[in-house]
1. Would you kindly state how much longer the chain becomes between A:ASN68 and A:ASP233 on full extension, computed as 0.36 nm times their sequence separation minus their alpha carbon distance, in nm to one decimal?
2. If you take the beta carbon distance between B:LEU17 and A:TYR156 as r and set R0 to 25 Å, what does 1/(1 + (r/R0)^6) give as a FRET efficiency, to the nearest 0.05?
3. Which FRET efficiency value, to the nearest 0.05, do you get for A:ASP219 and B:ARG309 by plugging their Cβ-Cβ distance into 1/(1 + (r/R0)^6) with R0 = 25 Å?
4. Could you state, as a whole-number percent, how many of the C-alpha pairs of segment B:86-150 are farther apart than 16 Å?
5. Anyone know which of B:ALA98, B:ALA215, B:ALA171 comes out most mobile in the 10 Å Cα GNM of chain B?
6. In 20 Å bins starting at 0, how do the alpha-carbon pair distances of chain B split up by percent?
7. Given that compact globular proteins tend to follow 2.2 N^0.38 Å, what is the ratio of the alpha-carbon Rg of chain A to that value?
8. Take every Cα-Cα pair in segment A:189-333 and report what % of them are more than 17 Å apart.
Amino acid sequence: MFLWTSVIPFLVVGLLWLLIRHALRQPLWAEASSRIKKNRMALVALTIICAYGGVAFVDAVSWKDDKNSPAKSVLDRVFAKMPVEETYSAPMAKTTTGVPHPKPLEGKHLFGTDGNGRDVLYQTLRGCKTALIIGGLTTLISLPLALLLGMLAGYYGKLVDDGIQYLYTVLDSIPNILLLVTLLMVLGNGLDKICLALGITTWVGLCRLVRGETLKHRDREYVRAAKSLGVSDFRILTRHILPNLLPTVIITVTLGLSGLILSEAILSYLSLGVTNETGSWGNMIDAARVELAREPVLWWNLLAASSALFVLVWAFNVFGDAIRDAIDPRLRS
Amino acid sequence: MLRYVLRRLLYAVPIILGVALLTFLLFYSTSTPEQMAVRGLSAKNPTQDQIQAWIVQHGYDKSKSEQFKKHVGEMFLFRFGKSDITGESIGARIREGALPSALVAGLIFSGSVFAGIVLALVAAYYRGTYMDRLITLTCVLLMSIVSIVYIIVGQYTLSKVLKLFPVAGFADGLEAWKFVMLPFIVGVVSGLGRSVRLYRTFMLEEMNQDYVRTARAKGVGEKSILFKHVLKNAMIPIITSVVLSIPFIFLGNLLVESFFGIPGLGGMMVDAITNQDFAVVRAMVFLGTLLYIVGAILTDVCYALVDPRVRLE
């Protein structure tokens with residue numbers, strides 16, 4: 001059996017590849033990429049991001065064996081032979097822990113098992129997809145909204161600007177976390193709803209930036225020249241101003257990804273995170289609150305999830321900085 | 001100055017009205033009165049009559065515009081009503097929780113600003129050397145750890161293993177310091193990476209200004225340049241970023257307070273979220289927004305006090 005959703009990851013990877021290929025033909029991006037290639041830390045970070053992406057990709061490609069069975073991803077199939085134990089067991093241990101009568105384990109678990117006896121390594125790897133979806137889907141929601149409204153406000157000014165500014169000032173004056181919590185309480189739980197709520201809270205900052213940049217470009221000579229040649233507003237915005245906004249927007253979006261991924265863990269603590277069936281680092285870290293208080297201390301769940309989260313966020317931070325330095329050396333800190 | 005403050009306050013009115021409308025739409029229009037009644041009466045397995053009585057009692061049978069007027073009026077008069085779940089007065093709980101919250105938030109806030117500025121000064125003083133590189137690399141590492149992990153690990157190592165502080169709780173009066181220390185340390189450390197990196201950028205920007213070169217040419221010492229010239233000018237962007245980070249303090253407080261059992265507003269908010277207590281969340285959103293707007297006005301005023309180039313008119 002074949003599932004149409006399993007095409008999406010291929011589409012995403014293909015589109016990204018095409019976009020990068022296309023961008024590299026332009027001098028600005030070609031130069032930026034040559035600068036990044038010289039930055040060793042950035043290359044390490046990029047490799048890490050690609051590795052996480054690879055795991056997420058392997059976890060996203062899924063199909064059904066027959067009509068009635070649930071769809072299983074490649075990752076599920078790799079770990080299919082891993083037996084589910086009764087309860088917690090330490091990394092590489094031979095028996096379960098935390099129960100009066102330890103039982104011998106059926107399989108070897110590199111990172112141990114959690115309270116339900118599931119392999120921690122498998123759970124950690126499953127978190128990659130969730131984290132990248134939260135980063136990616138949220139950006140897909142907030143970016144078009146911010147670009148559209150920001151460019152309209154900056155370009156047309158006057159009443160349009162006033163209206164859009166009022167809209168985002170109202171949203172912005174509610175502290176981010178409170179708006180996020182309110183939206184999620186009203187929308188309900190779920191990965192897609194988290195992305196929507198995060199999108200609604202994060203587009204404001206981006207929109208403000210886009211508006212300011214558009215305002216700067218609106219009166220430049222090249223825009224005025226295009227106007228006097230009779231180019232339509234739509235074409236000026238999409239063909240002339242947008243490409244000039246992209247460097248700033250890409251820097252901000254890349255640096256923002258780490259924050260989005262981190263917020264998943266915080267939402268899990270507030271019991272507004274993804275459901276337990278969706279593998280997520282936030283849920284694993286949340287479970288560790290109780291586990292650390294037990295005797296013997298059950299530390300591996302916390303360590304695995306938080307280091308997976310830490311490494312990905314670190315990579316995005318470092319790569320975001322590298323992109324910023326490569327595209328706009330004036331901003332170098 | 002007074003005129004400016006008044007104008008800013010007037011400008012805030014339509015914004016607050018917008019927030020009131022937004023919260024009204026979110027809370028009142030997405031669920032029907034019946035659903036809210038069932039939620040409000042949850043434990044009692046309500047009959048149809050009870051639901052109807054609840055709706056009439058809470059005024060949900062009136063028209064939407066009347067409900068909105070009531071909502072706005074109550075918010076502006078700080079009449080927050082009663083909790084959906086426990087039935088306690090929200091206003092009284094906010095008054096109780098404000099002091100512990102202000103204590104913890106204020107300490108964390110001033111501690112992290114102070115530590116951030118000191119470390120950023122060190123990094124700026126040794127700019128370009130290994131010391132600077134070490135500080136910036138550590139900052140990125142610190143920024144990449146989620147705040148919950150700081151809290152969990154801090155609580156585990158400092159109070160469970162080293163037994164330096166009580167695990168959680170709160171006491172009134174001077175005894176409070178024991179309970180406040182752990183949240184204080186965790187709160188300051190978790191925000192350090194971001195602030196040091198930001199402040200360092202501000203300071204390095206000032207380092208490249210002409211007046212610094214002039215000062216050096218006059219023969220002013222490097223230390224004096226850093227503390228007298230650069231620090232004063234770097235304070236302007238630092239003040240802005242400090243106030244912009246107030247919502248993040250609120251976030252930190254939510255987690256820190258509920259984790260360490262401090263009976264403040266943040267802990268109350270987390271309880272309300274887990275219990276789906278819409279009335280409390282509504283009140284907190286409005287209060288948080290108000291604080292944020294007041295904070296923004298205060299920043300602009302501080303801005304004018306620090307920087308004589310900024311004119312308020």
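Every number in this text was worked out from the coordinates using simple rules, so none of it is lab data. Owing to the predicted nature of the structure, the values given are computational and were not obtained by experimental measurement. As a convention, Cβ positions derive from the backbone with ideal geometry for all residues, glycine included, and neighbour counts pool all protein chains shown.
1. 54.0 nm
2. 0.50
3. Details: r = 24 Å, r/R0 = 0.97.
So the FRET efficiency works out to roughly 0.55.
4. Percentage above 16 Å: 66.
5. Comparing B:ALA98, B:ALA215, B:ALA171 in a Gaussian network model of chain B, the most mobile one is B:ALA215.
6. 26, 48, 23, 3, 0
7. 1.16
8. Roughly 71 percent, rounded to a whole number.
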